[in-house]
Amino acid sequence: MNYNFKKLFNFRDVGGVVTENGEKLKEGILFRSEDLSKLTKQDIETFRQLNIKAICDLRMPSEQKSRVSRVQPGPDIELLSVSIHDKSQEFTHFEFLKFLVSKSTTVDFEKIMRDMYEHMAFGCHDEMKEIICFLSDANRVPALIHCTGGKDRTGFVAAIIQLYLGVPYETVIDEYLKSNDLIAVKMKRTESFIRWMSLFRISPEQIRPVLEVRREYFEDVYQKIMKQYGDIGTYLEKGCNIPRGCLEQLNEMFLSSNEGQ
């Protein structure tokens, strides 16, 4: 389904895909997107029509302050703010500028991204528990999960949820990689801005690992999860200590037969 947003490019439904058992994840239960700081008045009205009852914001405090959401919590919308980013990577704008100027010739952006995924998968068990239990409450759906670009943090959580619900791995990867198409224009502008901030010491090739999702980012940590836990369900239940009840509620909300659809 296409959503008619003018200033929200990476918005989509986590549902609508078919599991290995032939069941279809219900649509309209959980959405994913980039941040909500640029919404037009018409975008806000379109958003309201989705009847979203809860928002899970994965951004760090500095991101929330610099890109204030145009959809605020209230009686009709509950907000969970929980960052799954490595706090050591949280920069102010000034610190980021100094970082780019001083480290631009030596910084390995691909390593930064791989370290970020490693942290999300193995350093954020408590946060994952909070997110999954929040989203598994039927009183909070439809719900939205988002970060700044909607590609890495949101992409990781959405992929884990889809895998847990039985969506084939390749389908999950396809869904994960869609961000590259949806935010390509936006990331091109970001690339130009970062190069300018670094006084053009950073090449497009050097910065690209930060501006796109890559199969290997997710696949590397997925393989480690599977090696350590055997399957995503065990990872969530034993690794992230998520109560079985929350996981069962997630199943009940999302899974429906394909018959008659």
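Of all residues in region 156-170, those satisfying the criterion of being under 15 Å from Cys56 (Cα atoms) and either crowded, with 24+ Cβ neighbours inside 10 Å or at pLDDT below 95 (or both) are Phe156, Val157, Ile161.
Confirm whether Val210 is at pLDDT 80 or above, β-branched (Val, Ile, Thr), within 18 Å of the chain's Cα centre (by Cα) and open to solvent by 20 Å² or more (accessible area, probe 1.4 Å). So Val210 passes the test. Could you tell me whether Tyr176 is open to solvent by less than 50 Å² (accessible area, probe 1.4 Å), out of contact with any Ser or Thr (no Cβ under 8 Å at 6 or more places or on another chain) and without any contact (Cβ under 8 Å) to a residue 12 or more places away in the chain? When the stated conditions are applied, Tyr176 does not pass them. Candidates are the residues of region 64-95 that are modelled with pLDDT of 90 or more and acidic (Asp, Glu); the one that is surrounded by the most Cβ atoms within 10 Å (Cβ to Cβ) is Glu78. Residues in region 135-150 that are open to solvent by 10 Å² or more (accessible area, probe 1.4 Å), at pLDDT 95 or above and not in a helix (DSSP H, G or I): 3 in all. Could you tell me whether region 58-69 includes any residue that is under 18 Å from Phe156 (Cα atoms) and in contact with a Cys (Cβ under 6 Å, 6 or more places away or on another chain)? Within region 58-69, one or more residues are under 18 Å from Phe156 (Cα atoms) and in contact with a Cys (Cβ under 6 Å, 6 or more places away or on another chain). Of the set (1) open to solvent by 10 Å² or more (accessible area, probe 1.4 Å); (2) under 20 Å from Leu177 (Cβ atoms), all apply to Pro61 but (2). Pairs meeting the criteria (first residue in region 215-229 and over 11 Å from Met113 (Cβ atoms) and of a type in the set (Ser, Thr, Tyr), second residue assigned to a helix (DSSP H, G or I) and open to solvent by less than 70 Å² (accessible area, probe 1.4 Å), beta carbons under 6 Å, at least 6 apart or on different chains) are Tyr229/Tyr235; Tyr229/Gly239. The set of residues in region 1-26 that are in a loop (DSSP other than H, G, I, E, B), surrounded by 17 or more Cβ atoms within 10 Å (Cβ to Cβ) and within 18 Å of the chain's Cα centre (by Cα) comprises Leu8, Phe9, Asn10, Phe11, Val14, Gly15, Val17. Of the residues making up region 218-254, just one is of a type in the set (A, V, I, L, M) and over 23 Å from Glu175 (Cα atoms), namely Ile242.
The one condition from (1) within 24 Å of His119 (Cα to Cα); (2) modelled with pLDDT under 95; (3) among the basic types (Lys, Arg) that Lys6 does not meet is (1). Here Lys38 clears all of (1) closer than 27 Å to His125 by Cβ; (2) surrounded by 14 or more Cβ atoms within 10 Å (Cβ to Cβ) except the condition numbered (1).
For region 96-122, filtered to residues that are modelled with pLDDT of 70 or more and exposed (fewer than 13 other Cβ atoms within 10 Å of the Cβ), the residue that is nearest to Lys151 (Cα to Cα) is Lys111.
The values are calculated or read from the model by the stated rules, or taken from the named source; none is laboratory data. From a predicted model like this one, the values you see are computed outputs, not experimental measurements. Neighbour counts are summed over all protein chains in view; Cβ atoms, including those assigned to glycine, are modelled from backbone coordinates with ideal geometry. The accessibility values were calculated without ligands, DNA or RNA, using every heavy atom of the protein model including side chains. Shrake-Rupley method; radii C 1.70, N 1.55, O 1.52, S 1.80 Å.
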